[in-house]
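Data first, discussion second: the structure below is written as C-alpha cells.
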Amino acid sequence: MGDGHRGVFMRASLGVRLAGLFVAGSVAVVAASCAAGGADGPPAGGGDITAGPWDGSPASPARTPAAPPPAGPTWHPDGSAAPTGTGTPHSPVAPEATRGSPAPHASARPNRSVDGTTPAPEVPAWLPPGPGSPDTDGVPDPQSVYDRLRAPDRCADALRTISLAPPTDEWRVLRGLANGCLAVQGQGGSWEAAARDHAALAGRAGSCKGGAAYRVLGGLLEFHRRHPGTTVRLHGSPGGAPACVYRIAGVDVGGDAAARPGDLVLIELRGTYFDPAELLRDGSVLVGGRRADAPPALVSRSGDRLVVSAVVPAVTAQAPVTVDVRVRYGGTEVREEDAFTVAVPDTGTGTGTGTPSVSPS
C-alpha cells in the first residue's frame with residue numbers, strides 16, 4: 001500500500017475510534033444523571049427533603065445543583081484514550097447535616113381548627129358542693145367520702161376507703177365515680193368498672209349526694225366515649241348550687257294538728273347530706289324554743305329522706321300556742337315555722353294523748 005493510501009486509512013481508523021469513545025462518554029454521563037435523580041428523589045410518603053432551611057414559602061425548596069458532567073477523555077498522540085481526572089466524585093445526595101425540615105404536609109400533626117389552633121375537649125363537670133358532712137364520729141360514710149371526692153386529687157385515697165365498705169348502692173356509685181376520676185386523669189382506675197357500676201345503678205341513686213355522683217359519673221363516661229384515650233385534669237367546683245337542699249318537709253302531730261307536752265311528733269327531713277346515725281346521736285330538736293328531753297329517734301329512712309320522732313317538751317303557756325320546730329346538728333339548723341299548736345295540759349295530768357297519724361315509710 002502506498003504512503004498516501006496508508007495515511008488515509010490511519011486517519012479514517014482514528015475517526016472511527018474517536019466516534020466510539022464519544023458515544024461511550026455520553027452513555028456514562030446519562031447513566032450518572034439517572035443515578036443521581038434516583039438517589040435524590042422524593043422520600044416515600046411524598047415529603048420533600050430540602051438542602052437548606054425551608055423559608056415557609058409555598059414554592060418547592062431548591063435542591064443542591066448537581067455537579068457538571070466529568071470532562072471528556074484525554075487523548076495520547078497515538079489515538080488511545082488516557083484516564084479521566086482524579087478529582088473527588090460528586091455525591092448527588094446532600095449530607096444529612098444539610099437537609100432541611102420536611103414540608104409541613106409531610107409531618108404528622110393533630111387535626112386543627114380553621115384558625116390554626118387545636119381545640120381541646122371540654123373538661124367534664126365535677127362534683128357540686130354537698131354541703132360538707134360534719135362527720136362528727138370520724139367514721140367513713142358515703143356522705144363524708146363524697147366530700148373527699150370533691151377534691152379530684154384525692155380519688156385514689158377515696159377508692160381505697162370505698163373498697164373496704166359494704167356493697168350498698170350508696171357506696172357503689174362512689175366506687176364507680178372514683179374509678180372514672182382516676183381513669184379520665186390517666187392515674188389508673190378502670191373505665192370498665194366505672195361503666196358497670198353506672199349501668200347497675202340506673203334509677204337507684206336515691207340520695208341527693210348519690211344522685212349528683214351518678215350524674216357526674218355519667219358525664220365522665222360520655223367524655224370517654226367521645227374522646228377515647230384522652231386524659232384531662234379535673235377541677236373541683238368551689239361553689240355553685242349544692243347537691244342537697246336540706247330542710248324540714250313536714251311535721252305531723254296527729255289529726256287535730258295539736259299536741260300536748262309529752263306527745264310524740266314526727267318530723268320529716270329532706271336533703272340530708274350527713275350520716276343519719278350522727279344526727280340521732282348528736283342532734284337535737286327544739287319545740288317553741290325549748291329543747292326536747294331526748295335526741296331525735298329514727299322512724300324511717302329512704303335515700304336522703306329521714307323521719308325522726310321527738311317528744312313535745314313542757315310549756316308554761318296558759319292558752320294554746322303555735323310553735324315552731326327546729327332541728328340542729330353540726331352547726332346547722334333547719335326550721336319549720338308555725339309547725340303545730342301546743343294545747344294547754346289537762347289539769348292534774350300534765351300530759352296529752354295525741355298520736356301522730358303519719359306511719360313510718
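From Arg326, Arg291, Arg301, which residue is on the phi < 0 side of the Ramachandran plot and under 40 Å from the mean Cα position of the chain (by Cα)? Outline the logic, then answer.
Values: Arg326 fails: under 40 Å from the mean Cα position of the chain (by Cα); Arg291 fails: under 40 Å from the mean Cα position of the chain (by Cα).
After ruling out the rest, the residue left standing is Arg301.
Considering only residues that are among the charged types (D, E, K, R) and over 23 Å from Gly206 (Cα atoms), look in the range 305-332 and name the one that is most open to solvent (accessible area, probe 1.4 Å). Steps first, please.
Here is the first cut: in the range 305-332, the ones among the charged types (D, E, K, R) are 305, 324, 326, 328.
Then keep just the ones that are over 23 Å from Gly206 (Cα atoms); that gives 324, 326, 328.
On the way: Asp324: 24, Arg326: 48, Arg328: 98 Å².
Only one residue tops the list, namely Arg328.
If you take the residues of the range 168-189 that are surrounded by fewer than 16 Cβ atoms within 10 Å (Cβ to Cβ) and polar (S, T, N, Q), which of them is modelled with the highest pLDDT? Give the steps one after another, and end with the answer.
So the first thing to find is which residues in the range 168-189 are surrounded by fewer than 16 Cβ atoms within 10 Å (Cβ to Cβ), and the list is 168, 186-188.
From what is left, the residues that are polar (S, T, N, Q) are 168, 187.
On the way: Thr168: 94, Gln187: 97.
Result: Gln187.
Cβ-Cβ under 8 Å, sequence separation 6+ or interchain: first residue in the range 154-177 and within 19 Å of Arg215 (Cα to Cα), partner open to solvent by 60 Å² or more (accessible area, probe 1.4 Å). Which pairs?
Cys155/Gln187; Leu159/Arg175; Ile162/Arg175; Asp169/Arg204; Arg175/Ser163; Gly176/Arg196
Could you give every pair whose Cβ atoms fall below 6 Å, whose first residue belongs to the range 305-325 and is without any contact (Cβ under 8 Å) to a residue 24 or more places away in the chain, and whose second residue is in a strand (DSSP E or B), counting only separations of at least 6 or pairs across chains?
Hits for this filter: Thr322/Asp338; Thr322/Thr341.
Of the residues Ala202, Ala165, which is among the aliphatic types (A, V, I, L, M), open to solvent by 50 Å² or more (accessible area, probe 1.4 Å) and farther than 28 Å from Ala120 by Cα?
On the way: Ala165 fails: open to solvent by 50 Å² or more (accessible area, probe 1.4 Å).
One residue alone meets the criteria, Ala202.
Does Ala294 fit the bill of being of a type in the set (A, V, I, L, M, F, W, C), within 27 Å of Asp137 (Cβ to Cβ) and in a loop (DSSP other than H, G, I, E, B)? Walk me through it before giving the result.
On the way: of a type in the set (A, V, I, L, M, F, W, C): yes; within 27 Å of Asp137 (Cβ to Cβ): yes; in a loop (DSSP other than H, G, I, E, B): yes.
Against the criterion (of a type in the set (A, V, I, L, M, F, W, C), within 27 Å of Asp137 (Cβ to Cβ) and in a loop (DSSP other than H, G, I, E, B)), Ala294 qualifies.
The values are calculated or read from the model by the stated rules, or taken from the named source; none is laboratory data. Quick caveat: nothing in here was measured; it's all calculated off a predicted structure. Please note: Cβ atoms are built from the backbone with ideal geometry, for glycine as well, and neighbour counts cover all protein chains shown. Accessible surface is based on the protein model in full, side chains and every heavy atom, while ligands, DNA and RNA are left aside. Shrake-Rupley method; radii C 1.70, N 1.55, O 1.52, S 1.80 Å.
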